Amino acid sequence: MEYQYYHTPVMQKEVLSFLAQIQDIESATIVDCTVGEGGHSELILKQWGGVTLYGFERDKDIFVIAHKRLQPYEKVILINDNFRNLRIHFNNMQNSISAFLYDFGVSSYHFDGTDRGFAFKSNQKLDMRLDSKSHVSAYDAVNSFTEKELTEIFTKYGEERWARRIAKRIIYKRSEQPIETTGQLADIVVQAIPKQYRVKNIHPATRVFQALRIYVNDELSAIGESLKDAITFLKPGGMIIALSFHSLEDRIVKDRFRRWAKGCSCNNDGLQCQCNSDPLVTVLTKKPLQPEESELEINQRSRSAKLRVCRKL
């Protein structure tokens, strides 16, 4: 059955409100770094018909969906690539782009429209790759990584309190038979976490699945690399708008915006930073914006969203 467009873009009103503040928005060039099913892109194109929109999507299947959805609009250039590769595609466009929009994480399509093991509500084969060219799948990690490696993944990318205990349980269970499906992995995680410490209304395997997905797709380093390049292509007065869905993504965005606002453009930490320039941006969201109650009632998946925006000086 063909997948239908039932993904609801998060914080639509807020995103459009910030974009409306850009000078000459009607003729602006906007880059949607995470097109997904095309939700935010279509909103922008409907609002401002003169916009030229570039869209990045690394997943070939969802790229086809977005292409079909955005086909009625003229000034659309879709790119089937990871948004960490901005420099490849915009090499001669320094100071010429009006806005970059990021909507991190995975889309509804990956949870509801694929069988690649992003969700554990249905029993699917462990995979979790957004790009089939990625060498390591979730299956590979779960069935071949050491206890120490799995513990580090669950701790670093899932902030999982019971990481070592879960890793130990995985090693034990895979010695009996390969862990091939999401259902098997979810059951193992449930068994590893003491019942009294399970959080109500959140499946015990949520953090482990998040951690594996982030690791397999190298999501966090891609955010840092892309932001670093985006600022060079952004024109003065242009904006970077970033929607994050968990603390690790939000922390990267918050730190990068804060450093730019202090005149830092390097990747060095703390006292090692030798930047001594004027501020590069103004941060327009001193605290991240979050969805209003009215949006939460319509779209439960927006509950963890945080929106940060900066404007280039």
When only DSSP loop residues count, what chymotrypsin sites (Phe, Trp or Tyr not before Pro) in segment 35-107 have their Cβ near at most 11 other Cβ atoms within 10 Å?
none
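For SER304 and GLU74, calculate 0.36 nm times their separation in residues minus their Cα-Cα distance, and state this gained length in nm to one decimal.
Taking SER304 through GLU74 to full extension adds about 79.4 nm, to one decimal.
Please work out how much length the chain gains when fully extended from LYS13 to LYS125, using 0.36 nm per residue of separation minus the C-alpha to C-alpha distance, in nm with one decimal.
Working: separation 112, 0.36 × 112 = 40.32 nm, distance 3.71 nm.
So the chain would gain 36.6 nm between LYS13 and LYS125.
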Mean Cβ-within-10 Å packing, highest first, puts peptides 250-257, 32-39, 196-203 in the order 32-39, 250-257, 196-203
Please find the FRET efficiency linking LYS46 to SER265, where r is the Cβ-Cβ separation and R0 is fixed at 30 Å, and quote it to the nearest 0.05.
0.30
Using mean Cβ contacts within 10 Å as the protection proxy, how do 11-24, 218-231, 285-298 order, highest first?
218-231, 11-24, 285-298
Give me the extension gain from HIS135 to SER96: residue separation times 0.36 nm, minus the current Cα-Cα distance, reported in nm with one decimal.
10.5 nm
Kindly point out, ordered by number, any Cys in the chain whose beta-carbon has no other cysteine beta-carbon under 4.7 Å away.
CYS33, CYS266, CYS273, CYS310
Would you list which lysines come within 26 Å of LYS235, measuring only between C-alpha atoms, while excluding same-chain residues fewer than 8 positions from it?
LYS13, LYS46, LYS75, LYS254, LYS262, LYS286, LYS287, LYS306, LYS312
Please find the FRET efficiency linking ARG251 to ASN201, where r is the Cβ-Cβ separation and R0 is fixed at 25 Å, and quote it to the nearest 0.05.
0.55
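Given +1 on the Cβ of Lys and Arg, -1 on the Cβ of Asp and Glu, and no further charges, what dipole in debye does the chain carry about its Cα centre, rounded to the nearest 20?
1020 debye
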Once Cα Rg over 2.2 N^0.38 Å is worked out from the coordinates, which option in [x] 1.04; [y] 0.97; [z] 0.91 does it equal?
[x]
DSSP bridge pairs, the chain: antiparallel proportion in percent, nearest 5:
40 percent
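Here, each number is a calculation from the coordinates, and none is a lab measurement. Just so we're clear, the structure is a prediction, and the values are computed from it rather than from any experiment. For neighbour counting, all protein chains shown are included, and Cβ atoms are generated from backbone atoms with ideal geometry for every residue, glycine included.
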